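Any read-out appearing in this document is the output of simple, stated calculations on the displayed coordinates, not a laboratory observation. Given the structure is predicted, the values throughout are model-derived calculations rather than measurements. Here the Cβ positions follow ideal geometry from the backbone for every residue, glycine too, while neighbour counts run over all protein chains shown.
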Amino acid sequence: MSTPHPPAGSAARCPWPAGAPSAAPAAALYGPELDGDAMTALYEELRGVHGPVAPVRMAPGIDAWLVMGHRELLQLTREEADFSHDPRRWSLLREGRVPADSPILPMVGWRPALLFADGQQHRRMRAAVSDALAGINGHELRRSVRAAAEELIASFAGRGEADLVAHYARTLPLRVITGLLGVDDRTGRDLVEAVAGTASATSASADASRRMGAILYGLIKEKRRKPGEDITSALLQHPAELTDEEVLHNLVVMFVAGNQTTVNWIATTLRILLTDPAFRSSLTGGHLSVDDALDLVLWRFPPTQNFPARYATRDMRFGGQDIRTGDMLILGLAAANADPEILPADGAPVVGNRSHLAFGAGPHTCPAQDPARLITRTAVDTIRHRLPDLELGVPEDELEWIKSPWSKGLGALPVRFSTPQLPQGTVPPQSAQDLVPRRTTPWNTVPLRPSTTVPD
Ligand code: HEM
């Protein structure tokens, strides 16, 4: 791709190496020093230097464009004729310049699934996936999320402390999603390991990928023989007539796209509840609905901060840059949500406004927004009611975002509590008592608008 140079004398935080030659490399969106907070600063740096579309490096030797403007991101996701979802159009790949062990390949390698298809082929698979998701019974889903949440909370309630990422957020969506796909718990655990191994880009990847294929083929065979009330059976029976291979790869996409994103959404919401008194008191006082609170999290901390990818189908001028046919463009979801062009002067998203791009936009926008929201809302509500005196177990500045160019989530969320309210058969009605903030630090400032709705 054609990479513009940073202007001379850009600020001290400038991501380009000191003394870089005029053909300086694009800013790296990976590396040990790029934790979540550094990424946020980097987006603003890049926006200041390049405008809405900036050259970045996603992995060694892999340059791409990061689309950070809200308007440009809508254009990128809506105009399929200019921006394809099919990685087989990617010039670096076509030219054999992507190393076989590149960490980006598991994210962007082509599969016969909706995420990598355009036009009619995409619509065909999308119809099957959307219809299967639409068949989910909301009441039943809420019941199963709550049951899984109660079980997890009971497993650590006696200890008085827990890591809400490892012991709660990371386990809950997994159980629920495997259940939705029609996988039993044990097979679900094997599947999760296999998916993680496949994406690890290590020497174990090939084995893990074979294991994943075997598990899913086993599931498909079983559901062809004996269909159930699950997504796998719905995909197999859909008039779009997906092949077994297509069903398999669409299941992988749902699993990968749905699991870590929901983990992050739950954990980040809990973090804010624990650390931001304004956020919590708005919620407790009824000034903010749980859904509005969840949307504020999606505005500020979208669970996928950057999403791969689109590929230019022609040379064009876009966002002030010269884009070449086959260039990779990354959806800069977090940066687009923070675009000063669309935020009010104080930079705070307006309560009730859902024009954030956490779920993408256009024909590939996340088809699972409703179930993902229901899972997250139920997970957050259940723990608020069961552990009403929950407090952070470490100083807030010890909480760390995972280091990833893609995912925005916490590595751990240690908490303490003393009085679990365990269920006596039914879940009690919403309690007036709520989590009590123990600390206030500069991080505790997820701004809410209008500010008058936020009591002390
Ligand atoms: C039950 C949980 C979820 C499932 C099963 C799921 C499934 C999917 C699937 C199948 C796609 C591909 C759609 C297509 O290419 O037409 C997708 C895309 C996407 N999902 Fe989800 N998802 C889930 C949760 C989430 C969450 C919690 C977020 C973030 C808040 C999220 C953000 C996205 C984004 C950004 C895209 C890409 C849109 C694009 O490429 O334009 N998803 N999801």
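Could you tell me the distance between the Cα centroids of segment 223-256 and segment 154-197, to the nearest Å? Segment 223-256 and segment 154-197 have Cα centres separated by 22 Å. Here the extension length gained between Thr325 and Arg354 equals 7.2 nm, from 0.36 nm per residue of separation less the Cα-Cα distance.
Karplus-derived 3J(HN,Hα) values for segment 87-96, using 6.51 cos²θ - 1.76 cosθ + 1.60 with θ = phi - 60°, are x, 6, 8, 5, 5, 4, 6, 5, 8, x Hz; glycine and proline are entered as x.
The separation of segment 43-91 from segment 292-331, counted between C-alpha centres, amounts to 5 Å.
Exposed loop sites are taken as GluC sites (Glu not before Pro) in a DSSP loop (any state but H, G, I, E or B) with at most 12 other beta carbon atoms within 10 Å; the longest stretch of the chain without one runs 96-228. Here the sum of -39500 (n - 2.57) over DSSP H runs of 4 or more residues, divided by the residues of the chain, equals -13500 deg cm²/dmol at 222 nm, to the nearest 500. If R0 is taken as 35 Å, the Cβ-Cβ distance between Asn137 and Leu74 corresponds to a FRET efficiency of 0.60. You can think of it this way: the chain between Gln120 and Glu400 has 96.6 nm of extra reach, that is 0.36 nm per residue less the Cα-Cα gap. Tell me which of Ala169, Ile136, Ser155 sits at the most positive position along the dipole axis of segment 135-218, charges placed on C-beta atoms (Lys, Arg +1; Asp, Glu -1). Farthest towards the positive pole: Ile136. Scanning the chain for trypsin sites (Lys or Arg not before Pro) lying in DSSP loops with no more than 14 further Cβ atoms inside 10 Å, the longest uninterrupted stretch between such sites is 160-313. With 0.36 nm allotted per residue and the present C-alpha distance subtracted, the Arg159-Ser130 stretch has 6.3 nm of extension available.
Phi angles of segment 333-347 translate, via the Karplus equation with coefficients 6.51, -1.76, 1.60 and θ = phi - 60°, into HN-Hα couplings of 5, 5, 5, 5, 5, 9, 4, x, 4, 10, 8, x, 4, 7, x Hz per residue; Gly and Pro are given as x. Phi angles of segment 308-316 translate, via the Karplus equation with coefficients 6.51, -1.76, 1.60 and θ = phi - 60°, into HN-Hα couplings of x, 7, 10, 10, 5, 8, 7, 5, 7 Hz per residue; Gly and Pro are given as x.
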